[in-house]
Ligand code: 5AD
Ligand code: SF4
């Protein structure tokens, strides 16, 4: 046995001893040991979460990778699997940035990776099930390759029940860290590399704002920019206020500087991100500055397209409508989650608006922006939703004329008030309601697509279509997917496309200067 093999054997033995030791320790002991002051060993607690203090937020502009970790990843590869929303996608870009600065290279091949991170989503149960499935699939690889580091991060790691389950049943995981701990990645990786025990670092504090984190962005055409973090709305079904902490806004100058930087790099579109972007600036104590003001300032920057997501109807104010109505790079598409068309259900959801107030907001938006496309999110089968209440969602869908909707069956989330409710709606009925709603959504989407027949639209060309490499694909200003034939040289540009055929979820067309039909 040579030196290298001896080292490997020793490593395997210590891994086995580690796994054995963890197996023999109760999860309560492990939680007490690892979570100490940094994690409260409880399920997300809405009462505690509501008691949020402003002074807890701190801004940090001094992120750097310690010198001894700057080359730790040389010759090694990382893979991050992302689940869930754009916020998670963007967190992945930050983690990729940090790992790259540590010398790691990215890979898409699971077997090649030296670090695998699962950036998880907790919004619905099926999102969590997918992750646990993946955790199970990775076990043989870890056994084959004991030096591999497998980490679980993102929203699920903020849930005590999830961490408990991993500690008890998935000892091949090396590292668990929370959404407020991303900037600690270099230290955590180092501990995982050199330590023998499973590293768990989940801060239950509400989260600071760390500027100047490195990022490796996924594309060169569209970019995401966080404008705020967290959510204080506490919709009764939603886990996000617990997993993402309280609302905290980035300073306007930091956001504007980031957008300017993206322009200089050639990006054509930015999407301003937050769980509830309309609450932007409400936490500032020294300035009166909201989302309308920010959009107005970004409107003046020379970037062709600006979007924002996600909106909450409650905080959508007149100033914002007035600014959006200026058009230009502020696009004619508003994603405005309504969740339900019934005022009674909305009350139970703690959405803080009624059906009538939502319709009034839509009326104001349409008055100021007559061409705006409206899309939404809807939950069916909230506990005890009656047939009549569901029908109200169907009629609201028609009344507003939503052109697309993300639709979900309600999924109880531990620690949220709605999850404690008894529910008399059978699963089959919920599925039926989702089916009926989706039929209506499809019909309205197809109808809205038909109105584009023969029209010329502006498309930001993102690349080849997923289905056919000879076809290019991109989105219109109002967020319609367009497939068309054209030269690859227009990728990254905004081109005019004449629509020749419409489908339920997309449009086909020919490039205005280059008339090549899509079959
Ligand atoms: N069950 C089902 N859907 C949910 N959403 C949030 N929480 C839940 C839940 N517990 C939906 C909402 C939200 C979208 C991102 O996910 O519609 O707008
Ligand atoms: Fe969840 Fe959105 Fe409600 Fe916040 S506003 S609690 S993120 S559904």
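The values are calculated or read from the model by the stated rules, or taken from the named source; none is laboratory data. Note that the structure is a prediction, hence the values are computed from the model and not measured. Here the Cβ is made from the backbone with ideal geometry for all residues, glycine too, and neighbour counts use every protein chain on show.
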* In segment 404-418, is there at least one residue being more than 14 Å from ligand 1 (Cβ to nearest atom), surrounded by 13 or more Cβ atoms within 10 Å (Cβ to Cβ) and not assigned by the TED database to the domain that holds residue 125? -> no
* Asked: Is there a residue in segment 384-402 that is within 16 Å of ligand 1 (Cβ to nearest atom) and either free of Cβ contacts under 8 Å to residues at least 40 places away in the same chain or within 26 Å of residue 270 (Cβ to Cβ) (or both)?
  -> yes
* Single condition residue 308 does not satisfy, out of (1) crowded, with 20+ Cβ neighbours inside 10 Å; (2) away from ligand 1 (no atom under 13 Å from the Cβ); (3) outside the structural domain of residue 231 (by the TED database) -> (3)
* Criterion violated by residue 241 - all others in (1) within 16 Å of ligand 1 (Cβ to nearest atom); (2) surrounded by fewer than 21 Cβ atoms within 10 Å (Cβ to Cβ); (3) farther than 16 Å from residue 226 by Cα satisfied -> (2)
* Just need a number here: residues in segment 50-77 that are at pLDDT 90 or above and under 30 Å from residue 350 (Cβ atoms). => 0
* Being away from ligand 2 (no atom under 16 Å from the Cβ) and part of a loop (DSSP other than H, G, I, E, B) is the filter here, so list the residues in segment 411-421 that pass it. => 421
* Identify all residues within segment 422-448 that are in a loop (DSSP other than H, G, I, E, B), in contact (Cβ under 8 Å) with a residue 40 or more places away in the chain and loosely packed, with under 15 Cβ neighbours inside 10 Å; write none if there are none. => 424
* To do: Please enumerate the residues belonging to segment 166-177 that are touching a residue at least 12 places away in the same chain (Cβ under 8 Å) and farther than 20 Å from residue 82 by Cα.
  => 167, 168, 171
* Structure fact -> Those residues of segment 143-177 that are under 30 Å from residue 63 (Cβ atoms) and in a helix (DSSP H, G or I) come to a total of 9
* Structure fact -> Of the conditions (1) away from ligand 1 (no atom under 16 Å from the Cβ); (2) at pLDDT 90 or above; (3) closer than 28 Å to residue 340 by Cβ, the single one that residue 246 does not satisfy is (2)
* Only one of (1) farther than 28 Å from residue 294 by Cα; (2) away from ligand 1 (no atom under 16 Å from the Cβ); (3) not assigned by the TED database to the domain that holds residue 103 is not met by residue 212, so which one is it? -> (1)
* Quick check, is residue 123 away from ligand 1 (no atom under 16 Å from the Cβ) and either part of a loop (DSSP other than H, G, I, E, B) or in the same structural domain as residue 64 (by the TED database) (or both)? -> no
* Examine segment 268-276 for a residue that is modelled with pLDDT of 95 or more, within 16 Å of ligand 1 (Cβ to nearest atom) and closer than 22 Å to residue 474 by Cβ, and state whether such a residue exists. => yes
* Output for segment 84-106, where each listed residue is in a loop (DSSP other than H, G, I, E, B), buried (at least 16 other Cβ atoms within 10 Å of the Cβ) and out of contact with any helix residue (DSSP H, G or I) (no Cβ under 8 Å at 6 or more places or on another chain) -> 85, 104
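So that you can scan it fast, the table gives a plain yes or no per residue for (1) crowded, with 21+ Cβ neighbours inside 10 Å; (2) within 16 Å of ligand 2 (Cβ to nearest atom); (3) in contact (Cβ under 8 Å) with a residue 12 or more places away in the chain:
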position: 122; (1), (2), (3): yes, yes, yes
position: 125; (1), (2), (3): no, yes, yes
position: 131; (1), (2), (3): yes, no, yes
position: 138; (1), (2), (3): no, no, yes
position: 143; (1), (2), (3): no, no, yes
position: 146; (1), (2), (3): no, no, yes
position: 152; (1), (2), (3): yes, no, yes
position: 157; (1), (2), (3): yes, no, yes
position: 162; (1), (2), (3): yes, no, yes
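Rundown of residues vs (1) closer than 15 Å to residue 94 by Cα; (2) buried (at least 20 other Cβ atoms within 10 Å of the Cβ), yes/no style:
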{"position": "175", "(1), (2)": "no, yes"}
{"position": "186", "(1), (2)": "yes, yes"}
{"position": "194", "(1), (2)": "no, no"}
{"position": "209", "(1), (2)": "yes, no"}
{"position": "212", "(1), (2)": "yes, no"}
{"position": "230", "(1), (2)": "no, yes"}
{"position": "237", "(1), (2)": "no, yes"}
* Asked: Would a scan of segment 107-120 turn up a residue that is surrounded by 15 or more Cβ atoms within 10 Å (Cβ to Cβ), modelled with pLDDT under 95 and not in a loop (DSSP other than H, G, I, E, B)?
  -> no
* **Members of segment 218-257 found to be assigned to a helix (DSSP H, G or I), within 8 Å of ligand 2 (Cβ to nearest atom) and over 15 Å from the mean Cα position of the chain (by Cα), listed by number** => none
* Structure fact -> Reported set for segment 347-371 where residues are in contact (Cβ under 8 Å) with a residue 60 or more places away in the chain and more than 24 Å from the chain's Cα centre (by Cα) is 348, 371
* How many residues does segment 178-200 hold that are within 26 Å of the chain's Cα centre (by Cα), assigned to a helix (DSSP H, G or I) and touching a residue at least 60 places away in the same chain (Cβ under 8 Å)? -> 6
